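Q: Next up is a structure, given as structure tokens.
Derivation of every value follows stated rules applied to the coordinates shown; laboratory data play no part. Being a predicted model, the structure only gives us computed values, none of them experimental. So basically every Cβ, Gly included, is an ideal-geometry build from the backbone, and we count neighbours across all protein chains shown.
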Amino acid sequence: MAKLIYEDDRILFTKEMKKEYTVLIPSMAPYHFDFFTDILGSEGFHSEILQNHSFDLINEGMKYSHNDICVPAMLVIGQFIDAIKTGGYDVHKIAVMISQTGGGCRASNYINLIRKAFAKAHYEFIPIISFNSVGLEKNPGFRITTRMTFKLTNALIFGDILMQVVNEIIPYEVNKGETMEVYNEMHKLLAKSFRYNDLRAWNQPKRLIEKVVKRFSEIEVDKSVPKPKVGIVGEIYVKYSPLGNNNLEQVLRDEGCEVITPSIFDFFLYSFDSIVHDITKYGGSKKSRFTNYITVEFVEKRKKVVANILDKYGFVKPIPYRELKKLAKGFIGYGTHVGEGWLLTAEMVHLIHNKVPNIVCTQPFGCLPNHIAGKGMIKRIKDNFPESNIVTIDYDTSATEINQLNRIRLMISNAKKNM
């Protein structure tokens, strides 16, 4: 068994652990995160994305955390502890991984909440790896290399593509089940590409993207009967995670809707761009400002290639990040970037501009920034866009699923009347 090494009262993930340990990763965005095990596998790690998805996990999280913390934190803690207890792992040969943004949101402090929960559950010997790009909590057995960064970029791009094309096609497919069959086929193809560590890791993405989009475009659809289009916005965890939002995408599909979920990549660009904004306005490292600015520009060029391929095969062409940012102007300041900040408002405005006035704004308990930039902006948005049909759905320990469903159905009923 690997020797435990401490630094600043935390257990370091060592190079020896890299060989022996299984790294558990919470599920957040299934279209995107499922590629992470392939990326880590190509770098010599053994990892698993947790698949325990019952909302009852929140009760497990509440046992080991304060009931005033946000719902996403309680769900992540609950998912980890449930997996450790029931997953059949050797508890002395597992580590867990959690992302840290480094921003003002409580998400940056999940890692400390998890440590306290693990100590309370008597799992304090399990290493917790911080996954971040800002130099927080370094570990000798884990570092993000240039190659890994490029692969992670591809994972987010591939995930956004799969999420978009599946949601565009599945409500209209002629042969029921065909879309998910193609999804599984294409997911395996894309997952395989992450296992390469030679030149193929760098030169395959564009060819693969075109092959995937072309394959989805061949699925037979019937759009003779229009369906209400519903956008999903909100706090990043409950926006994308079926665990966090009670499988909202499927709920909307079952109600006869076409789902539009904004790009997850825009959130990461917004995080880099927020650093540029703050350094420009308040001062700071010019090198950091330049690095983050160049990162946004580099990814924007890659996204432009993807947008053109999607447009070529008849799918909706995604909006560039810089244009999305402009849509927040006049509604909310660019300095509002704790949590989802101005991006949440911009996404709602963009959906309405794209003739998707029906919006579900997902609001987790304990997420004050999200409530300010989401629920707090709805009146202003409705004043500017009277046709908007926005419902806020609270995801917390006291909200019942039937109450959430009734509010969603009322919004859909209004959407169908407006059609």
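Q: Choose one answer from Tyr313, Tyr89, Tyr237: the residue with the largest mean-square fluctuation in a GNM of the chain with alpha-carbon springs under 10 Å.
A: In this elastic network of the chain, the residue with the biggest mean-square fluctuation among Tyr313, Tyr89, Tyr237 is Tyr89.
Q: Still on this model: Suppose we keep just the DSSP beta bridges with both residues in the chain; what percent of those would be antiparallel, to 5?
A: Of all bridge pairs located within the chain, approximately 15 percent are antiparallel.
Q: Then there is this: Just to check, using Stokes-Einstein with a Kirkwood Rh over alpha carbon pairs, what's the diffusion coefficient of the range 113-257 at 4 °C and 1.567 mPa s in µm²/s? Please report the intermediate quantities before stating the final value.
A: Numbers: Rh = 18.5 Å.
For these conditions, the coefficient is 70 µm²/s.
Q: DSSP loop (so not H, G, I, E, B), at most 13 other Cβ within 10 Å: list which trypsin sites (Lys or Arg not before Pro) in the range 204-290 pass both filters.
A: Within the range 204-290, the qualifying trypsin sites (Lys or Arg not before Pro) (loop, at most 13 other Cβ atoms within 10 Å) are Lys223.
Q: Calculate the spin-label point distance for Glu323 paired with Asn109, positioning each point 7 Å from the Cα along the beta-carbon direction, and give it in nanometres.
A: Here the answer is 4.0 nm between the modelled labels.
Q: Still on this structure, please answer the following. Counting other Cβ atoms within 10 Å, which GluC sites (Glu not before Pro) in the range 24-72 have at most 15 and lie in a DSSP loop?
A: Answer by residue number: there is no such site.
Q: Based solely on its DSSP helices, what 222 nm [θ] is calculated for the chain when runs of n ≥ 4 H residues each add -39,500 (n - 2.57) and the sum is averaged over all residues, nearest 500 deg cm²/dmol?
A: It comes out at -15500 deg cm²/dmol, rounded to the nearest 500.
Q: Right, something else. Relative contact order (percent) for the range 12-90, with alpha-carbon contacts under 8 angstrom and 6 or more residues of separation?
A: With pairs under 8 Å counted, the relative contact order is 28 percent.
Q: Give the long-range amide H neighbours of Gly231: residues separated by 5 or more places, or on another chain, with amide H under 5 Å away, using H modelled in the peptide plane at 1.01 Å from N.
A: Ile260, Asn358, Ile359, Val360
Q: Another one. If you wrap a convex hull around the alpha carbons of the chain, what volume per residue comes out, as a whole number of Å³?
A: 142 Å³
Q: Out of the DSSP beta bridges found with both residues in the range 20-144, what percent are antiparallel (nearest 5)?
A: Around 10 percent antiparallel, to the nearest 5.
Q: Got a sec to turn the phi values of the range 212-224 into Karplus ³J(HN,Hα) couplings, 6.51 cos²θ - 1.76 cosθ + 1.60 with θ = phi - 60°, whole Hz, x for Gly and Pro?
A: 5, 5, 4, 4, 5, 5, 7, 5, 6, 10, 10, 9, 5
Q: Counting only C-alpha contacts under 8 Å and six or more residues apart, can you give the relative contact order of the chain as a whole percent?
A: Values: 604 pairs, mean separation 67.8, N = 419.
Contact order relative to length: 16 percent.
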